[in-house]
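The structure under discussion appears below in the form of C-alpha cells.
The values are calculated or read from the model by the stated rules, or taken from the named source; none is laboratory data. The shown structure was predicted, so the numbers you read here are calculated from the model rather than taken from an experiment. These accessible areas exclude ligands, DNA and RNA; they are computed on the full protein's heavy atoms, side chains included. Shrake-Rupley method; radii C 1.70, N 1.55, O 1.52, S 1.80 Å.
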Amino acid sequence: IAGTIVPGAASSLTLAAAFALLLHVLRRYDAQMARAHSGIWLGWCGTMSYSLYLIHEPVITHTRNLLARVFPMKSASFLVPMAVAGLAGLGAAWLFYRWVESPIERWRKSLEPPRRFSAI
C-alpha cells in the first residue's frame with residue numbers, strides 16, 4: 001500500500017542514515033585505521049563485506065523476531081537478544097564467505113588469463 005510505513009522501517013532507516021553519516025565523517029581516517037593494530041577487525045569485515053551485505057539483514061531480522069517472543073521490545077533486556085542477533089548475522093556472513101563467496105572468487109580468478117608484463 002503506497003504511503004504506509006512498515007513497522008520498524010523508520011528506526012532502521014534512522015540507524016542506516018546515522019551509520020552512513022558516521023562512515024562519511026570517519027572516511028578521512030581510513031588510512032590511519034587500516035594501519036592500526038586495533039583496526040584489524042575492520043579489514044576482516046571488509047574482506048567479507050559482500051557476504052555481510054547479502055546475509056546480515058535476513059539473519060538479524062529473523063533472529064530478532066524469534067527472540068522478541070521471549071524478550072519484550074520495550075525493556076532494556078532486549079539489548080542482549082539484539083547483540084545475539086548481530087553476532088548471528090556476522091557469523092552467518094562469515095560462513096557464507098567461507099563456503100560460497102571465497103570458493104567462487106578463487107574459481108573466477110582461475111579463469112582469468114595470466115597477465116603479461118612488458119619491460120618497456
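Could you work out the helix-only [θ] at 222 nm for the chain, with each DSSP H run of four or more residues adding -39,500 (n - 2.57) and the total divided by the number of residues, to the nearest 500 deg cm²/dmol?
Values: 6 runs with 80 residues, N = 120.
It lands at -21500 deg cm²/dmol.
Starting from the Kirkwood Rh over alpha-carbon pairs, what translational D in µm² s⁻¹ does the chain have by Stokes-Einstein at 25 °C and 0.890 mPa s?
Stokes-Einstein gives a translational diffusion coefficient of 139 µm²/s.
In the chain, which helices (entire DSSP H runs) extend 20 Å or more along their own long axis, judged by Cα positions, while averaging at least 0.5 on the Kyte-Doolittle scale?
On the way: long enough: 9-26 (25 Å, 1.95); 49-68 (28 Å, 0.26); 79-96 (25 Å, 1.87).
Taking the DSSP H segments of the chain (at least 20 Å long, mean hydropathy at least 0.5), we get 9-26, 79-96.
In the full protein assembly as shown, how much of Ile60 is accessible to a 1.4 Å probe, in Å² to the nearest 10?
In the full protein context, Ile60 sits at about 40 Å².
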